[in-house]
1. Go through segment 58-64 residue by residue and turn each phi into a ³J(HN,Hα) via Karplus (6.51, -1.76, 1.60, θ = phi - 60°); whole Hz please, and just put x for glycine and proline.
2. Testing the spin-label approximation: label points 7 Å from Cα along Cα→Cβ at Arg100 and Thr57. State their distance in nm.
3. With r as the distance between the Cβ atoms of Ser7 and Glu88 and R0 = 30 Å, compute the FRET efficiency 1/(1 + (r/R0)^6) and round to 0.05.
4. Determine how large the accessible area of Arg19 is when every protein chain is in place; take a 1.4 Å probe and give Å² rounded to the nearest 10.
5. Could you state the accessible area per residue of segment 29-103 in Å², with a 1.4 Å probe and every protein chain left in place?
6. Just need the Rg to Rh number for the chain, please, alpha carbons only, Kirkwood Rh.
7. Reachable aspartates and glutamates from Lys96, Cα under 15 Å, same-chain residues fewer than 8 places away excluded?
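The values are calculated or read from the model by the stated rules, or taken from the named source; none is laboratory data. Given the structure is predicted, the values throughout are model-derived calculations rather than measurements. Cβ atoms come from the backbone with ideal geometry, glycine included; neighbour counts cover every protein chain shown. Remember, those area values only see protein heavy atoms, side chains included, never the ligands or the DNA or RNA. Shrake-Rupley method; radii C 1.70, N 1.55, O 1.52, S 1.80 Å.
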Amino acid sequence: QVQLVESGGDLVQPGGSLRLSCGVSGIIFNGYTTAWYRQAPGKQRELVASISSGGGTYYGDSVKGRFTISGDTAANTVYLQMNNVKPEDTAVYYCKIDGRFNDYWGQGTKVTVSS
């Protein structure tokens, strides 16, 4: 059974940093594309960043230069380092793996950027 568990969401001040974690079980994340999405209140879910099985990365324009996606194969965990956060980064952040036959989602972790 594949499970993705996000953690690390918190209340953070503008300009601060936060690291989100996506613990993966039941599948080896680096055999697939893993992505972070976010959904702000009243908005559609959007792709934030992704990392492919080959290590290639993608970032949405709104987070480019501020967020970094990375993976730890030993821990089977994917991270999202968020620096210089802005109020518009406030959202529930979800981890997703594009499996061979199914897509797998975590339950989300809430990030609030506010002073």
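1. Whole-Hz 3J(HN,Hα) from phi for segment 58-64: 9, 10, x, 4, 6, 10, 4.
2. Between Arg100 and Thr57, the label points sit 2.8 nm apart.
3. Working: r = 22 Å, r/R0 = 0.74.
Computed FRET efficiency for Glu88 and Ser7: 0.85.
4. The accessible area of Arg19 comes to roughly 130 Å².
5. Working: 3880 Å² over 75 residues.
Value for segment 29-103: 52 Å² per residue.
6. Details: Rg = 13.3 Å, Rh = 14.0 Å.
Here the Rg-to-Rh quotient is 0.95.
7. Within reach: Glu6, Glu46.
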